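The structure under discussion appears below in the form of structure tokens.
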């Protein structure tokens, strides 16, 4: 009884202390929100937009209210914010150029192409772009190549050695653990199950991987060749001989960078490019401050004008939850956009490798309903594959970046079976059932033949429905879709050739097409879903921090990438797995 009372009082005291701390932090958060809400950045003459690229870049960034306490808590950058800031920098007469301060970024080549294209458009205004990095990876250099001048640290190197794709396989590990995956799929190229059933790539998967890596690599070579006036043959030779990995001076001789210097000297470079007097320094406006630059007239106009809605759908497709593309929430949001008379067209920004087949179908239906009332244009991000393509195919028009990974029209199911593992740890299970399929969900026993047949039939039916959706959406026959389906992944560039995508481009091109289809050239752009306030994000962050840590089993599932097996329905429309591209 005494122990019970001790535990009870300790719990009460702990909750009391937690409440006090939470209340105090909430006050600080509210003060911070008020300060942010009232802030406005004035752009001074001779300003440079100082864009520091460090961390992950996603389509939209979720603000982390605790980032004010430490830069290490920063959640990264949002492509939406970067593109908007580049446009503001182009229109603001006090901003003379953009300084790309490149450190390290985690993103895919389609996002890099989106930023690169925006910077190309910015340069048409006559303003300059300059880039600096201590070292350049292939992706970082590809982005920097758009700049008028490229600089690098005197001890830096360019990691220029071609592209490769790596996939990790877990079959041997699962065998040792006593876990077996029961696989059901349609599609020769539907390789999402390979990491759990094989120790190496299948011939079909190796073929498709090599195909899309070559496509992306050739795009990079073409763009850099034009930007730096270096032939593709010479760029290939640099990659093969590893020259740029060794001698810094060779990067200058090869024409890959304009000069090597220490970062502290970049102020002199910027002052020179702006033709400032010798004792004058450029004013550098950070990305955070650029986000605070507002146009009051534009904000008022946005409230009164017709709208082109840009709806961001990013992450795994799930039926429920708080993260990713939650099918029920997205369907509800799209319904609201359909019923909003001010919204004349919708740009659906899809950045997803897929997920729940059921959820994909629900969103497909809402997009069909939306399309019956107003135009829908899809803008594809890094991925719009499998379930990501499922929800895209209903649109009036589809636009993708050349490096977008799309297609992967296929379905699979993966059911774990833990019989050996259970025996090893001394666990047994006995099932009593009224019918032969009653124990179908017993993961400790292998599925019987009847259950397997039903599961495979479900997968086959799902595939046929997927193919029909694509055929109807693209105005093609089911046979034509099947010829390019089978779970195969295509780049956006190749997808245009085979009819899965209409044109190449980014969000801006999609918005322009939406305006054209809606006959609403004067419509303003509004983004959805609405972002949470900093205070709302703060409360959500506290809640997440207070949640229980993952169990060892959950940690193992996350490590080997199978957490969705029990968290999501067994039938998945998911791309073959995220191959790391270097």
**Prompt:** Given a Förster distance of 56 angstrom, what is the FRET efficiency for residue 468 paired with residue 277, based on the Cβ-Cβ distance and rounded to 0.05?
**Reply:** 0.25
**Request:** Could you tell me the distance between the Cα centroids of the range 150-175 and the range 227-294, to the nearest Å?
**Result:** 23
**Request:** With a 10 Å radius around each residue's Cβ, average the other Cβ atoms per peptide and rank 397-407, 126-136, 275-285, highest first.
**Result:** 397-407, 126-136, 275-285
**Item:** For 115, 181, order by how many other beta-carbon atoms lie within 10 Å, fewest first
**Value:** 181, 115
**Fill in**
Checking rank on 151-158, 447-454, with mean other Cβ inside 10 Å and highest first, the result is 151-158, 447-454
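Rounded if a/c is under 1.5, else prolate if a/b beats b/c, else oblate: with a ≥ b ≥ c from the C-alpha gyration tensor eigenvalues square-rooted, which is the range 211-357? Could the numbers behind the result be given before it?
Working: a/c = 2.89, a/b = 1.48, b/c = 1.95.
It comes out oblate by the Cα gyration axes.
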**Fill in**
Quick note on 477, 305, ordering by fewest other C-beta atoms within 10 Å, gives 477, 305
**Message:** Rounded, prolate or oblate, given the Cα gyration tensor of the range 71-199, with a/c below 1.5 counting as rounded?
**Reply:** prolate
**Fill in**
Footprinting proxy, 496, 48, 168: sorted fewest to most Cβ within 10 Å, the residues are 168, 496, 48
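FYI, it's all coordinate maths here, none of it is from the lab. Keep in mind that what you see is a predicted model, and the values were worked out from it rather than measured. As a convention, Cβ positions derive from the backbone with ideal geometry for all residues, glycine included, and neighbour counts pool all protein chains shown.
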